[in-house]
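Notes follow once the structure below has been shown.
What follows draws every value from the coordinates through simple rules; no lab data is involved. Source: prediction; values computed, not measured. Positions of Cβ are generated from backbone atoms using ideal geometry, with glycine treated the same way; all protein chains shown enter the neighbour counts.
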Ligand code: HEM
């Protein structure tokens, strides 16, 4: 057997503090300094491998090489993802659960979601016309949590919108925070789990009858590989895997608002409403701005790749942000240039803001088409269907704090329908 060569290795003990200090750039900085797309380090008290770039992404999404069981840090499960959801599964169990998600993503269902979203956006526009200023990020959270619940068949009485929206937002804003902010996130997770578990109980005992094409119906009645209904808690975690990320698209919408403001010459090209141009702009927002930093997995069995040894059980992080800024894939990655997508040859491993590989066979984000639809609608409203002013404010955003959100959250004034 060929002898493995040694992997570039970061010296010293636990590097968790460096991840907190350098955030989105932690892996990319070391890929540059080691001049290697793969290196070894220590994270969460264990040896870990970090990697990025197209070839490494191909490897990471090979289900024969990596598994997800036990890979996600507890603090992320206790806030963002919940426990025992689709993200934590492998093999046939994962395929069974992922099919449950993808059954909701037909073009008819995406059209239904777009129609709900436009109705909510129009209602919000009526309201915005009466206020002097709005905070785009917060307003869009509200629009999206309402949209998500209606689309998923989840009842959301008007007097609960604020409470439930805040809970959903805490799930994605707090995983990487420390202290009280993080504990608020854990509390929100407990409350949200309880809320949806009760709904599932009501569906199963006939008190609630959501339409059959909704997530609440589908997940309440989904059967696992043994022909059994999912435990209440698991079905609830996966319904929240629909509600939470749809609400989280508010971060991309906020960055979309920022891009329209900061790159007016690019926004000008969208005034004709050309769908391709809108799509290119949306793709560039997903590539350019920081959102999801890394994805974790564990080595399934010992193997050697490019001469480097991967030992069974080793925690491995894929560089999601860095792969979207990799000069080997993107010319001038730090330039906001939507037209780079005009002749984009799609590879499932080179553009991975929401994970790579395939939807059905792997862990690629189940909601990527929803995300594109929502961002497209948001962009079209901002550029072609609304008039507003953008006052002086702090537009800066961090590449350290995760998730990154522009400081001012995009304040707009004198908002009107065009
Ligand atoms: C807000 C923008 C979004 C971002 C940045 C994002 C990002 C991601 C990433 C990086 C992954 C992990 C890929 C992997 O495990 O390798 C993922 C998985 C997932 N996402 Fe998203 N996502 C977004 C929106 C959505 C939406 C709108 C939905 C559903 C409506 C959704 C549902 C899921 C699910 C269910 C998974 C787990 C897939 C699996 O493990 O097979 N996401 N997402």
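Under a GNM of the chain (C-alpha, springs under 10 Å), which listed residue has the highest mean-square fluctuation: 235, 188, 95?
95
Give, in nm to one decimal, the length gained when the segment between residue 96 and residue 62 is fully stretched (0.36 nm per residue of separation minus the Cα-Cα distance).
Contour length minus Cα-Cα distance gives 10.5 nm.
Say a paramagnetic label sat at a point 7 Å from the Cα of residue 413, along Cα to Cβ; which residues of the range 97-133 have their backbone N under 19 Å from it?
From the range 97-133, the list is 128-133.
Which of 357, 70, 185 moves most in a GNM of the chain, Cα contacts under 10 Å?
Per the Cα network of the chain with a 10 Å cutoff, 70 tops the list.
Using r as the Cβ-Cβ distance of residue 275 and residue 131, and R0 as 30 Å, what FRET efficiency do you calculate, to the nearest 0.05?
Result of the calculation: an efficiency of 0.45.
Counting other beta carbons within 10 Å of each Cβ, put 37, 380 in order, fewest first.
380, 37
Note down the relative contact order for the chain as a percent, whole number, built from C-alpha pairs under 8 angstrom at least six residues apart.
Value for the chain: 25 percent.
Does the range 119-229 come out rounded, prolate or oblate by the C-alpha gyration tensor, with a ≥ b ≥ c the root eigenvalues, rounded set by a/c under 1.5 and, if not, prolate when a/b is larger than b/c and oblate if not?
Because a/c hits 1.5 or more and a/b fails to exceed b/c, the range 119-229 counts as oblate.
Please order 400, 154 by the number of other Cβ within 10 Å, starting at the fewest.
With the sparsest Cβ surroundings first, the list reads 400, 154.
At q = 0.14 Å⁻¹, work out log10 I(q)/I(0) for the range 73-136 with the Debye formula, treating every Cα as an identical point scatterer and leaving solvent out; two decimals please.
These q points yield log10 I(q)/I(0) values of -0.73.
For the chain, give the share of DSSP beta bridges that are antiparallel, in percent and rounded to the nearest 5; count only bridges with both residues there.
Bridges in the chain are about 75 percent antiparallel.
Taking 45 Å as R0, compute the FRET efficiency from the Cβ-Cβ separation of residue 107 and residue 34 and round it to 0.05.
Efficiency, rounded to the nearest 0.05: 0.55.
Using a Gaussian network for the chain with springs between C-alpha atoms less than 10 Å apart, which of these wobbles most: 147, 81, 358?
Of 147, 81, 358, the Gaussian network model singles out 358 as fluctuating most.
Taking a point 7 angstrom from the Cα of residue 335 along the C-beta vector, which residues in the range 250-266 have backbone N less than 14 Å away?
Under 14 Å, as judged by backbone N against the label point of residue 335, lie 266 of the range 250-266.
When 319, 343 are ordered from fewest to most other Cβ atoms inside 10 Å of their Cβ, what list results?
Starting with the residue having the fewest Cβ neighbours, the order is 343, 319.
Quick one: Cα centre-to-centre distance for the range 323-376 and the range 193-244, in angstrom?
31 Å
Mean projection of the alpha-carbon convex hull of the chain over all orientations, in nm²?
Computed as one quarter of the Cα hull surface, the answer is 21.1 nm².
For the range 144-292, just say rounded, prolate or oblate: build the C-alpha gyration tensor, square-root its eigenvalues into a ≥ b ≥ c, call rounded for a/c under 1.5, and beyond that prolate if a/b exceeds b/c, oblate if not.
It is prolate, given that a/c is not under 1.5 and a/b is the larger ratio.
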